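*Asks:* Have a look at this one before I ask anything.
Read-outs throughout are calculated quantities, based only on the coordinates presented, and are distinct from any laboratory measurement. Worth saying up front: this structure is predicted, and the values here are computed from it rather than measured. Counting neighbours? That spans all protein chains shown, and the Cβs are built from the backbone with ideal geometry, glycine included.
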Amino acid sequence: MISKLFQHLFKHIDAFLMTCLFFALLTSLFVLYSASGQSLDRIYAQAVNMGVALSVLWVVANISPQKLERVALILYVLGVLLLIAVALFGSISHGARRWLNIGFTQIQPSELMRIAMPMMLAWFFASREGKPSATNFIVAGLLLAIPVALIMKQPDLGTSLLIASSGFYVLFLAGLSWKFLAGAMVSLLGFMPIFWSMLHDYQRKRIEILFDPTQDPLGAGYHTIQAIIAIGSGGATGKGWLNGTQTQLDFLPERTTDFIFAVFSEEFGFLGNMLLLTLFSIIIMRGLMIASQAQSTFSRLLAGSITLNFFSYAFVNMGMVSGILPVVGVPLPLISYGGTSLVTLCLGFGILMSIHTHKNLVAN
Amino acid sequence: MGAELKNYLHEQHYFRFRLGVAALVVFCLFALLAFRFSYLQIKQYNHYQTLAENNRISLVPIIPNRGLILDKNGVILAHNFFAYTLEITPAKVKNLEETIAEISSLVEVSSLDRKRFKKFREQSHNFESIPIRTHLNEIEAAKFAVNHYRFPGVEIKSRLFRHYPLGKLGSHMIGYIGRINDRDLKNLEESGDLSNYKGSDHIGKSGLEQYYEKQLHGTTGFQQVEIDADGHAVRVLSSTPPIPGDNIILAADSKLQEIAETAFGNHRGALVAINPKTGEVLSYVSQPTFDPNLFVDGIDSESWKALNESLDKPLINRPLRGVYPPGSTFKPFVALAGLEAGKRAPPYSIHDPGFFTLPGKSHRYRDWKPSGHGTVDIQKAITISCDTFFYGLAMEMGIESLTSFVRHFGFGRKSGIDIDNVSGKSENGGLLPTPEWKQRRFKQPWFPGETVIVGIGQGYTLVTPLQLAQATAILANNGVAMKPRMVSQIESAQSGKKQMTPPVVQDRVVLHPDNVEIVKRGMIDVTLPGGTAASVGANAGYSIAAKTGTAQVIGIKQNEKYNESGMNERHLDHALFIAYAPAEDPTIALAVIVENGRHGGSTAGPIARKVMDYYLLGKVPAVEAAKDNKQLTGNTAATTAPPEEELHD
């Protein structure tokens, strides 16, 4: 009886993926405890965030992909309208206009777009029966450009690039021609020097520091320098949990959010990093497998994009913290402190599980 | 059909090919990360290890000097001094127990020090330095300095300590500082002041130290320094000096405070004296007091237990938080309420048979004088404290109009004095009962009899000593309510500029001068022969307007006589006394409450007289001499037998 109920409750949960998420979230709590200066308050707060996010995951996993397909357009239109509202009435914090006050709480419409964007494009290609015609790609490119431009204007460069890439993944998986890809790449490289010559000196300086933080050790480069010292001094096996000097002695900024990977790296070393990379790889491989087994154009494009988007967040974050990518405020998925991005992530994983577990119903 | 299926399979096949390409890209980029990690953590490990351990740039906070607290004559009530402390950073020490044992062979480490260290250790992080010994003398400091090399992770630091040189005197008004705890941190975070407390480990916890925390603390400075592996500063790169906290100067005089506190003897109670024209608090007594120095470095559990569990409750800030029934001290305000409502204006008078009954009821509301006072008008009713007169007046006015009038005198609401919580959370607002209040509180209707006893300040009515003093000040000032405040000036420690805190008019009760005159006359007669506090006014050399009061601690049944000799001392009535002087042009208004002191005129009155004598004439009471002879028994009233009138009110 109870086992039946259990089975019914978790019918749409993918046990394999869930186990991986569980390990990642557990890691998050441990790292957070150390990064927050051993604050149990932070742990409780994040545990609550996790509870909310996992509930969202469960709910979404129980919604069939067909239903998701039907709301894709509505979500997208809503997302764009909210982004326009942000541009007009949004509240400014830290010099950027990202939040919208809706009376009882504040929302960040760009988070919604992280899911709505790939859903919209997947729906678009599914409704065009997956034919990779040039017209379709031009329309899709426009659908992608509108929200990206709005988010870039907030300004939130990091998020806008990541949303652009999530849309790009759909285009790529839908069969965007190689010729076009190659052409775009070449023209981008070609325009670079021209673009560079058009910049002011101070703008150039800013970009140089973005790529070489040592030029401004006390200003903009401080974060990266301290993070790299933390990672490097972690060595092969790390300094041990709660014993990272960079972390505990306040050298690391934003160490519970965007720079939490430096804390992890310092305390668990190269070995820990490899384990974390492996865990992320397994999650990505599982996601790609779900995509490859998906039975409709909509669900396979969506599953593929969500999975690759998870990858880009992980890669960009670890890349910026370890100094091979410029610092754009992107959290480490599943590990960083914060509720909003965790909920969005779990929403994505919920969709993956929904696609995987509703498969047979479609076949019937 | 066949073509469609073929098309579908082709599409799926192509999709899988694209997925494969994506997976390859994922793999390559993760491999790039892995390569980057191996470069940083394996190949360059030594380089970054050195960077992490050696030269690091750190921001070191420079703690500002905390402002002083001074009385109106510049006598220091709170100041700072430098002292050496011995501090341990647990993360840098291999064996904590062993290290402490070795330290104790060099300098004395008491079990109290160990306990305190353990307590702080539980509240802090591994990398925070925690004091194991405070207040090292020069010899101890030198002894340790010589052996410093033996103790990695143990530092000798010079720190500022807070000290209250007058000890127990005025401790409830000065308050104290203590170590910052989690709740303080949360408050600081909410108010956005957390960065200013980097490096500070103390914060105002009560009294003026808490209310004026912002001014006293100052602004933390910063030094950007290069530090080495042991955390020693190698080189200062840049420096922003701290701004010391402001000094606060009180309106109170420490000598007057001493006289007032001494006058209480062994009695518990409270006294608040206010300048009615400015609202400045001249004296603020809560007896018994405690030594605030005990709290600065964390109070030990024995001392805490002794203070906290004492029946005398020395930690309670009585003027602010102690609530008492006002008793007969409420009568002048009831009288004024009646006169302003057009009731009882002279020549109206009653014949007092010694009790009051409600129409159609048999219950007798007794006067303190069983035989009655005879013919009494409103002025005489105040002077002789005639209960019967006020029973009838309260009844005729009704509870609502009575309470709404006296509320203007500060009863039933917070004064907003500048002590303790800035938000006024810790002040008790007292209680002015109304039918709505009773319905809310007890789910019961209001009975007429309850209005009757409000007329003599009994029943549900509760006041704090501060409220009573403030009400007296408002009356003395003919209805103009000045906001009570402890601090008269704030002195910038940097520029030395003194800034006066301006008097604030809180409320203006519109009163008819004739009515005020009648009440004031009644109160002046209280201290003249025939009044209930005639001995208090005797040979004063200035005129005093006053009112005595008695508040029951336990209820007495109908037909039962109050027998004070057979009672537990803590069940005796509270004695109350309000006064202002000189009556023609008042510069001091006060309220005194002596817990279980029985009669306002005989125990509370003499305390008020000593305070007024010093404040107005500079006279130091003879009791000071008695103190030297160690003959103080505590019951100052027992020495002279007061006339019969004064035993009651």
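*Asks:* Apply the Karplus parameterisation 6.51 cos²θ - 1.76 cosθ + 1.60, with θ equal to phi minus 60°, to every residue of segment B:395-409 and state each ³J(HN,Hα) to the nearest whole Hz, in sequence, with x for glycine and proline.
*Replies:* Residue by residue, segment B:395-409 yields 4, 5, 6, x, 5, 5, 5, 5, 5, 5, 6, 5, 4, 5, 8 Hz.
*Asks:* Please sort B:364-377, B:461-474, A:115-128 by packing, taking for each peptide the average over its residues of neighbouring beta carbons within 10 angstrom, highest first.
*Replies:* B:461-474, A:115-128, B:364-377
*Asks:* Follow-up. Could you state the per residue volume, in Å³, of the convex hull enclosing the Cα atoms of segment B:58-250? Don't jump to the answer; show the numbers that get you there.
*Replies:* Values: hull volume 26.6 nm³, N = 193.
Taking only Cα atoms, segment B:58-250 has a hull volume of 138 Å³ per residue.
*Asks:* Okay, next question. So how strong a dipole does segment B:58-250 carry about its Cα centre when Lys and Arg Cβ are +1 and Asp and Glu Cβ are -1, to the nearest 20 debye? Display every interim value, and only then the final one.
*Replies:* Working: 24 positive and 24 negative charges, 77 e Å.
Value, rounded to 20: 380 debye.
*Asks:* Still on this structure: Using alpha-carbon pairs under 8 Å, 6+ residues apart, how would you state the relative contact order of chain B in percent?
*Replies:* Working: 1282 pairs, mean separation 90.7, N = 649.
The value is 14 percent.
*Asks:* While we're on this one: For residue A:2 and residue B:82, what does the FRET efficiency come to when R0 = 41 Å and r is the distance between their Cβ atoms, rounded to the nearest 0.05? Kindly include the intermediate steps, with their values, before the conclusion.
*Replies:* Details: r = 69 Å, r/R0 = 1.69.
Efficiency for this residue pair is about 0.05.
*Asks:* Next question, about the same structure. Going by amide H atoms built from the backbone, whose H comes under 5 Å of the H on residue B:508, apart from near neighbours?
*Replies:* Placed amide hydrogens put B:481 under 5 Å from residue B:508.
*Asks:* Listed highest first by mean packing, meaning other Cβ atoms within 10 Å per residue, what order do B:439-445, A:146-152 come in?
*Replies:* Numbers: B:439-445: 9.6, A:146-152: 19.9.
So the peptides B:439-445, A:146-152, ranked by packing, come out A:146-152, B:439-445.
*Asks:* Then there's this: Starting from the coordinates of the alpha-carbon atoms of chain A, obtain the Kirkwood hydrodynamic radius over all distinct pairs and give the value in Å to one decimal. Don't jump to the answer; show the numbers that get you there.
*Replies:* Details: mean 1/r = 0.0459 Å⁻¹.
In chain A this quantity evaluates to 21.8 Å.
*Asks:* State, as an integer percentage, the relative contact order of segment A:297-360 based on alpha-carbon contacts under 8 Å between residues 6 or more apart. Walk me through the numbers before you get to the answer.
*Replies:* Details: 32 pairs, mean separation 21.1, N = 64.
Computed over segment A:297-360, the figure is 33 percent.
*Asks:* Which whole-Hz couplings ³J(HN,Hα) result when phi for each residue of segment B:516-530 is put into the Karplus expression 6.51 cos²θ - 1.76 cosθ + 1.60, θ = phi - 60°, listed in order with x for Gly and Pro?
*Replies:* Whole-Hz 3J(HN,Hα) from phi for segment B:516-530: 4, 4, 4, 5, 4, 4, x, 6, 5, 5, 4, 9, 9, x, x.
*Asks:* Let me confirm one metric for peptide A:233-242, namely the mean number of other chain beta-carbon atoms within 10 Å of its residues' beta-carbons.
*Replies:* On the way: counts 12, 7, 8, 4, 1, 1, 2, 0, 0, 4.
Mean inter-chain Cβ contacts per residue within 10 Å come to 4.
*Asks:* For segment A:65-202, just the Cα atoms, rotate onto the principal axes and tell me the three extents in Å, largest first.
*Replies:* 52, 48, 17
*Asks:* How much net charge surrounds residue A:166 when only other residues with a Cβ under 14 Å from its Cβ are counted (Lys, Arg +1; Asp, Glu -1)?
*Replies:* So the environment of residue A:166 carries a net charge of 0.
*Asks:* Sum -39500 (n - 2.57) across every DSSP H segment of at least 4 residues in the protein assembly as shown, then divide by the residue count to get the 222 nm mean residue ellipticity, nearest 500.
*Replies:* Numbers: 40 runs with 492 residues, N = 1013.
After summing the helix terms and dividing by residue count, I get -15000 deg cm²/dmol.
*Asks:* Give me the number: length gained by fully extending residue B:39 to residue B:62, i.e. 0.36 nm times residue separation minus the C-alpha to C-alpha distance, one decimal in nm. Write out the running numbers ahead of the final one.
*Replies:* Details: separation 23, 0.36 × 23 = 8.28 nm, distance 3.88 nm.
Additional length available on full extension: 4.4 nm.
*Asks:* Summarise the partner chain shielding of B:11-18 as one whole number: the mean count of Cβ atoms from other chains within 10 Å of each residue's Cβ.
*Replies:* Numbers: counts 8, 7, 0, 5, 11, 6, 1, 9.
Taking all residues of B:11-18 together, the mean is 6.
*Asks:* Next up: Please compute the average number of Cβ atoms from other chains found within 10 Å of each residue's Cβ in peptide A:314-324. Before the final figure, lay out the partial values.
*Replies:* Values: counts 4, 6, 1, 0, 5, 4, 0, 0, 6, 2, 5.
Counting other chains' Cβ atoms within 10 Å and averaging over A:314-324 gives 3.
*Asks:* How much net charge surrounds residue A:148 when only the other residues with a Cβ under 12 Å from the Cβ of residue A:148 are counted, with Lys and Arg +1 and Asp and Glu -1?
*Replies:* On the way: positive: A:114, A:153; negative: A:156.
My count for the surroundings of residue A:148 gives +1.
*Asks:* Using +1 at the C-beta of Lys and Arg and -1 at the C-beta of Asp and Glu, which of A:144, A:165, A:122 has the Cα lying farthest in the positive direction of the dipole of segment A:65-202?
*Replies:* So the residue we want is A:122.
*Asks:* Which one of B:68, B:243, B:45 is farthest out on the positive end of the charge dipole of chain B, using unit charges on Cβ (Lys, Arg +1; Asp, Glu -1) and the Cα centre as origin?
*Replies:* The one lying farthest along the dipole's positive direction is B:45.
*Asks:* Once amide H atoms are built 1.01 Å from N in the peptide plane, which residues 5 or more positions from residue B:133, or in another chain, come under 5 Å H to H?
*Replies:* For residue B:133, the qualifying residues are B:86.
*Asks:* Mind giving me the nanometre distance, one decimal, between the label points for residue B:119 and residue B:13, set 7 Å out from Cα along Cα→Cβ?
*Replies:* So the label points at residue B:119 and residue B:13 sit 7.9 nm apart.
*Asks:* Right, next: So what's the protein assembly as shown giving for Cα Rg divided by 2.2 N^0.38 Å, two decimals? Numbers along the way, then the final one.
*Replies:* On the way: Rg = 39.0 Å, N = 1013, 2.2 N^0.38 = 30.5 Å.
After normalising by residue count via 2.2 N^0.38 Å, the value is 1.28.
*Asks:* Between residue B:95 and residue B:492, what is the spin-label point distance in nm, taking each point 7 Å from the Cα along the Cα→C-beta axis?
*Replies:* It works out to 5.7 nm between the two label points.
*Asks:* Oh, and also: Find the Rg to Rh ratio for chain B, where Rh is the Kirkwood radius over alpha-carbon pairs and Rg uses the same atoms. It would help to have the intermediate numbers written out before the result.
*Replies:* Details: Rg = 33.9 Å, Rh = 29.0 Å.
My calculation of the ratio gives 1.17.
*Asks:* To continue, here is another question. Using the beta-carbon distance between residue B:499 and residue B:542 and R0 = 30 Å, what value does 1/(1 + (r/R0)^6) give for FRET efficiency, to the nearest 0.05? Don't jump to the answer; show the numbers that get you there.
*Replies:* On the way: r = 33 Å, r/R0 = 1.10.
Taking R0 as 30 Å, the efficiency between residue B:499 and residue B:542 is 0.35.
*Asks:* Moving on. Would you mind calculating the relative contact order of segment B:58-250 from Cα pairs under 8 angstrom and at least 6 residues apart, reporting the percent as a whole number? The partial results should precede the final answer.
*Replies:* On the way: 330 pairs, mean separation 67.6, N = 193.
With pairs under 8 Å counted, the relative contact order is 35 percent.
*Asks:* Additional query: Report the net charge of residues surrounding residue B:396, where surrounding means a beta-carbon distance below 11 angstrom and charges are Lys +1, Arg +1, Asp -1, Glu -1.
*Replies:* Once positives and negatives cancel, what remains is +2.
*Asks:* I would also like to ask the following. If you build the convex hull over the alpha carbons only and average its shadow over all orientations, what do you get for segment A:247-364? Give it in nm² to one decimal. Before the final figure, lay out the partial values.
*Replies:* Values: hull surface 31.8 nm².
Across all orientations, segment A:247-364 yields a mean hull projection of 8.0 nm².
*Asks:* Would you mind finding the longest exposed-site-free stretch of chain B, with exposed GluC sites (Glu not before Pro) meaning DSSP loop and at most 15 other Cβ atoms within 10 Å?
*Replies:* Numbers: sites that count: B:108, B:560, B:564, B:584.
Longest run free of exposed loop sites: B:109-559.
*Asks:* Which one of A:89, B:575, B:341 has its Cα pushed farthest toward the positive end of the charge dipole of the protein assembly as shown, where Lys and Arg give +1 and Asp and Glu give -1 at the Cβ?
*Replies:* A:89
*Asks:* While we're looking at this one, here's another question. Would you pull out the residues with amide H under 5 Å of residue B:77's amide H, same chain only if 5 or more places away, H placed 1.01 Å from N?
*Replies:* Amide H neighbours of residue B:77: B:69, B:70, B:71.
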